[in-house]
1. With each label point set 7 Å from Cα along the Cα-Cβ vector, what nm distance links residue 48 and residue 8?
2. Tally Lys/Arg at +1 and Asp/Glu at -1 over every other residue whose Cβ is under 15 Å from the Cβ of residue 33; what's the total?
3. Ignoring ligands, DNA and RNA, what percent of the accessible area of the chain is carbon or sulfur (1.4 Å)?
4. Placing +1 at every Lys and Arg Cβ and -1 at every Asp and Glu Cβ, with all other atoms neutral, what dipole size does the chain have around its Cα centre, in debye to the nearest 20?
5. Taking the Cβ of residue 23 as the center, what net charge do the other residues with Cβ under 13 Å away carry, scoring Lys and Arg +1 and Asp and Glu -1?
6. Keeping every protein chain in place, order 26, 33 by accessible area at 1.4 Å, biggest value first, i.e. largest first.
7. Separation between the residue 41 and residue 24 pseudo-spin-labels, each 7 Å from Cα along Cα→Cβ, expressed in nm?
8. In Å and from the alpha-carbon atoms only, list the Rg and Dmax of the chain.
Amino acid sequence: MSASEKAKAKAEEAIGKAKKEAGRTVGNESAAVKGEAKESKGNLRDAKEKIKDAFKD
């Protein structure tokens, strides 16, 4: 996995997790859902890169 793609995936996961928790803390369900979606997007990006690496070898 390229380092830049891995960093993007981890950053997206972290930002999403922070937004999700912030939304839950203040009771803003919309923000919590958007954060959860961003976190999931980061997880999917990470999985995609791992699959690409598996087929490179």
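The values are calculated or read from the model by the stated rules, or taken from the named source; none is laboratory data. Note that this is a predicted model, so its numbers are computed, not measured. When we count neighbours, we look across all protein chains shown, and the Cβ atoms used for this are built from the backbone with ideal geometry, even at glycine. Accessible surface is based on the protein model in full, side chains and every heavy atom, while ligands, DNA and RNA are left aside. Shrake-Rupley method; radii C 1.70, N 1.55, O 1.52, S 1.80 Å.
1. Result: 0.8 nm between the two label points.
2. On the way: positive: 17, 19, 20, 24, 34, 38, 41; negative: 21, 29, 36, 39.
Charge balance in the 15 Å sphere: +3.
3. On the way: 2330 of 4060 Å².
Within the chain, the accessible surface is 57 percent carbon and sulfur.
4. Details: 15 positive and 11 negative charges, 21 e Å.
That gives a dipole near 100 debye.
5. Summing Lys and Arg as +1 and Asp and Glu as -1 gives +2.
6. Values: 26 115, 33 80 Å².
My answer, sorted largest first, is 26, 33.
7. Taking the simple label geometry, residue 41 and residue 24 are separated by 2.0 nm.
8. 13.4, 47
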